[in-house]
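Undergrad: One structure coming up, written as structure tokens, with questions to follow.
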Amino acid sequence: MNAPQLRCVPFKQVDVFTKIPFRGNPVAVILDGDGLSSAQMQAIAGWTNLSETTFVCAPTQTGADYKLRIFTPKEEIPFAGHPTLGSAWALLQFGLKPKKEGRLVQECAKGLIVVRQTGDLLSFSLPQPTFAEPGKTNLTKVARALGIDAEDILLESVIDVGPVWLTLQLPSAESVVNLKPDMVAIAALSQGGYTGITVFGLHDSRDHGLVEVRSFAPAFGVPEDPVCGSGNGCVAALIRCGHALDGASYVARQGQTLGRDGYVHIEFDAEDTIWVGGNAVTCIDGLLAV
């Protein structure tokens, strides 16, 4: 049997929300996705087996610098946070010259996403969040799946920013770190229409980031996301609505339960936009045979 004809495309694996390799959340970035079918993209995403794999394509909308398609190991999604930052970083390292210096515009299924660069920090503009109540009965099931009492939940909302996260505030950062979630139960709950559950709690000091975050999406092949951009965006949206913090910015920490140490920079601007930012570092740089 003859081997299939393969071509090589530029590929980078980028660690996001960290300056130190292997401490953040990796994303696989295929820098030339044009010519690949959706089935091929899904197969590659299943093979990399990362929480997301992205494919950079030529833009189709006016004003966009590039188009990004984003896949989990199981399906394509309209938007995700750390893949947006990691792909922007990979493109800049690859030599992309944006239409406007210090500002990239990403086209994706969720629309146009602005990514701004300040030094070595990249930040994306969070898509406008929408909110829904989870309901008391559902909240009881959620608490049971997380191994906590429903009374421990201080704030809650189902928040849609492309990915849909049931977002909860717990009494402290320590209570977040100590969670022992039931992934089977969380996956079953996700059948109700959301991506997964993101929880957060506040630290007593800013030594390790003011906010501690964990995100669980087992129904999408990601039992626990090491450092989640969209999940942190939903946390920021809930913090803003619930007045859980004062000030125009804060730093969140995520990943320590998985041996990671990611930091997410959140900024609320005067125009009511939430900016979600972080550093990135390239860990693998080469070619992928497709």
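Undergrad: Of these, Gly201, Gly231, which one is touching a Ser or Thr at 6+ places or on another chain (Cβ under 7 Å), small (Gly, Ala, Ser) and over 30 Å from Pro10 (Cβ atoms)? Show your work before the answer.
TA: Details: Gly231 fails: over 30 Å from Pro10 (Cβ atoms).
After ruling out the rest, the residue left standing is Gly201.
Undergrad: Same structure again: Given the conditions (1) at pLDDT 95 or above; (2) touching a strand residue (DSSP E or B) at 6+ places or on another chain (Cβ under 9 Å); (3) within 23 Å of Phe220 (Cβ to Cβ), report the number of the one that Gly147 does not fulfil.
TA: That leaves (2) as the condition not met.
Undergrad: A further question follows. Just give me the residues in segment 64-104 being under 20 Å from the mean Cα position of the chain (by Cα), open to solvent by 10 Å² or more (accessible area, probe 1.4 Å) and among the aromatic types (Phe, Trp, Tyr), in sequence order.
TA: Of everything in segment 64-104, just one residue is under 20 Å from the mean Cα position of the chain (by Cα), open to solvent by 10 Å² or more (accessible area, probe 1.4 Å) and among the aromatic types (Phe, Trp, Tyr), namely Trp89.
Undergrad: While we're looking at this one, here's another question. How about segment 36-70: which of its residues are without any contact (Cβ under 8 Å) to a residue 24 or more places away in the chain, outside any helix (DSSP H, G or I) and in contact with a strand residue (DSSP E or B) (Cβ under 9 Å, 6 or more places away or on another chain)?
TA: Matches in segment 36-70: none.
Residue-by-condition table, conditions (1) open to solvent by less than 40 Å² (accessible area, probe 1.4 Å); (2) among the charged types (D, E, K, R); (3) within 30 Å of Ala88 (Cα to Cα):
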| position | (1), (2), (3) |
| --- | --- |
| Cys108 | yes, no, yes |
| Leu112 | no, no, yes |
| Thr118 | no, no, yes |
| Leu122 | yes, no, yes |
| Ser125 | yes, no, yes |
| Thr130 | no, no, yes |
| Glu133 | no, yes, no |
| Ala143 | yes, no, no |
| Gly147 | no, no, no |
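Undergrad: Follow-up. Do you know which residues across segment 239-248 are open to solvent by 10 Å² or more (accessible area, probe 1.4 Å) and within 14 Å of Thr167 (Cβ to Cβ)? Don't jump to the end; show me each part of the working.
TA: Of the residues in segment 239-248, the ones open to solvent by 10 Å² or more (accessible area, probe 1.4 Å) are 240-248.
Matches in segment 239-248: Arg240, Cys241, Gly242, Ala244.
Undergrad: Name the residue, out of Val251, Val264, that is modelled with pLDDT of 95 or more, open to solvent by 10 Å² or more (accessible area, probe 1.4 Å) and either within 16 Å of Leu155 (Cβ to Cβ) or outside any helix (DSSP H, G or I) (or both). First the steps, then the outcome.
TA: Details: Val264 fails: open to solvent by 10 Å² or more (accessible area, probe 1.4 Å).
The match here is Val251.
Undergrad: Among the listed residues Val211, Val235, Val184, Val199, identify the single one that is open to solvent by 30 Å² or more (accessible area, probe 1.4 Å) and in contact (Cβ under 8 Å) with a residue 12 or more places away in the chain. If you could, list the steps in order and put the result at the bottom.
TA: Values: Val211 fails: open to solvent by 30 Å² or more (accessible area, probe 1.4 Å); Val235 fails: open to solvent by 30 Å² or more (accessible area, probe 1.4 Å); Val199 fails: open to solvent by 30 Å² or more (accessible area, probe 1.4 Å).
Within the list Val211, Val235, Val184, Val199, the selection yields Val184.
Undergrad: Can you tell me which residue within segment 113-165, out of those that are of a type in the set (Asp, Glu) and assigned to a loop (DSSP other than H, G, I, E, B), is nearest to Val281 (Cα to Cα)? Spell out the reasoning first.
TA: Of all residues in segment 113-165, those of a type in the set (Asp, Glu) come to 120, 133, 149, 151-152, 156, 160.
From the residues that got through so far, the ones that are assigned to a loop (DSSP other than H, G, I, E, B) too are 120, 133, 149.
Numbers: Asp120: 10, Glu133: 38, Asp149: 39 Å.
It comes out as Asp120.
The values are calculated or read from the model by the stated rules, or taken from the named source; none is laboratory data. Being a predicted model, the structure only gives us computed values, none of them experimental. When we count neighbours, we look across all protein chains shown, and the Cβ atoms used for this are built from the backbone with ideal geometry, even at glycine. Heavy atoms of the whole protein, side chains included, go into the accessibility calculation; ligands, DNA and RNA do not. Shrake-Rupley method; radii C 1.70, N 1.55, O 1.52, S 1.80 Å.
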